[in-house]
Amino acid sequence: MKKIFIDKVEFEITRKIAIGGMGAVYEALQKGVRGFAKTVAIKTILQEFSSDKHFVEDFVSEAMLVANLVHENIVQIYQLGKYQRDYYFVLEYVDGISLHDFMDMHLKLKSRLPVKLAVFIASRIARGLAYAHARKDKNGESMNIVHCDVCSHNILINTEGVPKLTDFGIARANVRNQDKNGISGKLPFVSPEQVKPDCFLDFRSDMYSLGVVLFFMLTGEFPRGLSQSLKDIVSDIKNNNIRWNMLPEDIDDELKELLQTMMALEPDDRFQDTAELARALEYYIYKDGYGPTIVTLAEYMKNFLPGEFSENSIVTDTFSTDVKLTDTFLGKTLKMDATQILQDRIPLD
């Protein structure tokens, strides 16, 4: 006989972490009895989208799709909830920095991320993707999970040096469920098939996007110029025009060939298994018998960004527990970047 009990959970929001194209993420304390408190992250829908069925369904689908994904390199979802009329979900809090901000600091300081650390980060995300791509449902059928938004914004690195993939907000189990009037994903990172209407997407699309992430870590640049018109950018993506000349001269042929395989125009010309890709990346960094680990990455981060992970960091936007979460929204969507191309969805009509 099933036993069901209902428990009251209290969340104290302590800090606004980020606002993206359709949602906001907060740091919070999940409180229990006798002073128990656990730091978690809470993701909500921006107020202007809370009545949009499409966005709400995407939001709920993300939680449902990845609820049982438990992997070191994936940010775990703990709970899907609803407060009054608004959905939220509780997820693992990552104490660290996004790869986007990490790379931004390198660019500002005119510094390059060491090649093997870049490949190490990519290899860990490949392991997380391999796990997600291989997931089966309770009947043993493949879930065909495709993240669809692998990018530097959605890769977090915690203070222990563990890279984690987050934000499955536009992930698909039904890989033909595409937006017909736009592009799902951040434009600098999407695969050629993502800009083709009704095109079949599978795990190899995520593989391509991870290749763009690796290209970005190695060069500090995107594979395609983004100063041109949106139409021309999309054309470059469809035709897979890549600025291979941007790769530094010290990138050897082995790594360049690996990257070219990840970013091949035709999915059939890429790795045919994400675990195979992860092994290829790992072989590149460990073939001499030693290579970077999470400890190496953690120490590099602490040396490169001293004080960045201090426990005395400033906490902003503190709200009382009896305030409805969406009452704290700014009433508008703030883009992650100054340009339209880094939105989660790009309308083409």
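Any read-out appearing in this document is the output of simple, stated calculations on the displayed coordinates, not a laboratory observation. Remember, it's a predicted structure, so these values are computed and weren't measured experimentally. All Cβ positions, even for glycine, are placed from backbone atoms using ideal geometry, and neighbour counts span all protein chains on display.
A few remarks follow.
- Residues in region 292-301 carry Karplus couplings, in order, of x, 10, 4, 5, 4, 5, 4, 5, 4, 4 Hz; the curve used is 6.51 cos²θ - 1.76 cosθ + 1.60 with θ = phi - 60°, and Gly or Pro positions show x.
- Cross-link partners of K110 among lysines, defined as those whose alpha carbon lies under 24 angstrom from its own and excluding same-chain residues fewer than eight positions apart: K256, K302.
- Here the Debye sum runs over all C-alpha atoms of region 96-302 as equal scatterers in vacuum, and log10 of I(q)/I(0) at q = 0.11, 0.12, 0.16, 0.19 Å⁻¹ comes out as -0.49, -0.59, -1.08, -1.52.
- Those GluC sites (Glu not before Pro) in region 91-167 that DSSP places in a loop and that have at most 15 other beta carbons within 10 Å: E141, E160
- With a threshold of 25 Å on the Cα-Cα distance, the over-threshold entries among K3/K31; K108/K287; K186/K287 are K108/K287; K186/K287.
- For the pair K2 and K196 in one chain, pulling the backbone fully straight at 0.36 nm per residue adds 65.0 nm over the alpha carbon distance.
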